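Okay, structure first, notes after.
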Amino acid sequence: MLEIEGLNCYYGKIEAVRNLSLKVEKGQLVTLIGANGAGKSTTLKSISGILPASSGRILFEGEDITKASARTILDLGIAHCPEGRRVFPYMSVQENLDMGCFRRSDLKQIESDLEGIFDRFPILKERRLQMAGTLSGGEQQMLAIGRALMSRPKFVLFDEPSLGLAPNLVKTTFDIISEIRDQDVTVLLVEQNAYAALALCDHAYLLESGEVTLQGTGEELKGNDYVREAYLGG
């Protein structure tokens with residue numbers, strides 16, 4: 001469904017991603033693990049059109065989207081749930097969710113999808129008129145996920161969804177992501193909680209200094225001595 005071939009990305013003169021190749025099949029949940037600064041978030045930004053690739057190719061459902069705009073990529077069915085949630089703090093919960101579907105015109109289906117979000121996250125319905133910036137971290141994460149789903153995506157990029165959450169909310173967040181995958185939405189997950197991400201995924205890639213250094217199933221990486229020592233606490 002998604003294939004990256006020889007991707008290179010720079011921030012100014014700094015090379016953040018180097019000759020990166022990976023593949024995500026339809027219906028899979030694939031995770032990228034690695035230390036801070038390894039190039040994980042940069043990879044997601046390149047896929048969603050936020051950061052242009054300097055070279056390489058990104059293919060989605062066989063179409064080359066390497067040079068496509070973020071708007072075009074969203075229209076093709078790729079949604080990005082960014083690191084730090086990035087809700088619009090001075091807009092209401094309802095307005096944030098409306099921003100998730102601003103490219104859609106199927107009003108009846110939008111209404112149905114909104115009710116689906118409220119069924120999944122009842123607290124958002126309760127607080128639909130509240131300013132998003134006044135929500136707790138966990139509630140903002142629910143809102144960010146709901147906003148991404150309102151675009152009715154085929155493919156969702158999750159960047160550090162458990163970052164800054166209380167421990168009891170981390171499991172809830174991963175359960176939600178698993179449910180999304182089970183509803184025929186393909187997922188590419190970046191996550192510092194490597195153990196949880198590897199337990200959840202179908203396939204995993206280890207990024208170090210912008211390069212893929214190891215890949216395999218989640219179980220294979222969990223069983224790898226180097227991964228265990230460096231990323232799973234031994």
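The values are calculated or read from the model by the stated rules, or taken from the named source; none is laboratory data. What you see is a predicted model; the values in this text were computed from it and never measured. Neighbour counts are summed over all protein chains in view; Cβ atoms, including those assigned to glycine, are modelled from backbone coordinates with ideal geometry.
The table below lists the values:
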{"read-out": "Unique match (being out of contact with any Pro (no Cβ under 8 Å at 6 or more places or on another chain), under 19 Å from Leu165 (Cα atoms), surrounded by 15 or more Cβ atoms within 10 Å (Cβ to Cβ) and not β-branched (Val, Ile, Thr)) among Leu149, Leu135", "value": "Leu135"}
{"read-out": "Residue within the stretch 56-66 that is part of a loop (DSSP other than H, G, I, E, B) and either surrounded by fewer than 16 Cβ atoms within 10 Å (Cβ to Cβ) or in contact (Cβ under 8 Å) with a residue 40 or more places away in the chain (or both) present", "value": "yes"}
{"read-out": "Residue under evaluation Ser162, criteria (1) touching a residue at least 40 places away in the same chain (Cβ under 8 Å); (2) not in a helix (DSSP H, G or I), criterion not met", "value": "(1)"}
{"read-out": "Contacts under 7 angstrom Cβ, first residue in the stretch 113-132 being under 16 Å from Ile176 (Cα atoms), partner assigned to a helix (DSSP H, G or I) and of a type in the set (Gly, Ala, Ser), 6 or more apart", "value": "Ile117/Gly146; Phe121/Gly146; Leu124/Gly146"}
{"read-out": "Only listed residue being under 18 Å from Val87 (Cα atoms), hydrophobic (A, V, I, L, M, F, W, C) and in contact with a strand residue (DSSP E or B) (Cβ under 9 Å, 6 or more places away or on another chain), chosen from Ala194, Ala144", "value": "Ala144"}
{"read-out": "Counted residues, the stretch 152-162 - those being modelled with pLDDT under 90 and at negative phi", "value": "2"}
{"read-out": "Any hit, the stretch 22-37, residues being in a strand (DSSP E or B), in contact (Cβ under 8 Å) with a residue 24 or more places away in the chain, touching a Gly at 6+ places or on another chain (Cβ under 6 Å) and surrounded by fewer than 22 Cβ atoms within 10 Å (Cβ to Cβ)", "value": "no"}
{"read-out": "Test result for Gly49, touching a helix residue (DSSP H, G or I) at 6+ places or on another chain (Cβ under 7 Å) and either crowded, with 21+ Cβ neighbours inside 10 Å or closer than 28 Å to Ser136 by Cα (or both)", "value": "yes"}
{"read-out": "Meets criteria (of a type in the set (D, E, K, R), closer than 19 Å to Val185 by Cβ and either touching a residue at least 24 places away in the same chain (Cβ under 8 Å) or assigned to a loop (DSSP other than H, G, I, E, B) (or both)) for Arg86", "value": "no"}
{"read-out": "From Leu74, Leu51, Leu59, Leu20, residue being in contact with a Ser or Thr (Cβ under 7 Å, 6 or more places away or on another chain), at pLDDT 90 or above and over 30 Å from Lys125 (Cβ atoms)", "value": "Leu20"}
{"read-out": "Those residues of the stretch 192-216 which are in contact (Cβ under 8 Å) with a residue 60 or more places away in the chain and assigned to a loop (DSSP other than H, G, I, E, B), in sequence order", "value": "Gln192, Cys201, Asp202, Ser209, Gly210"}
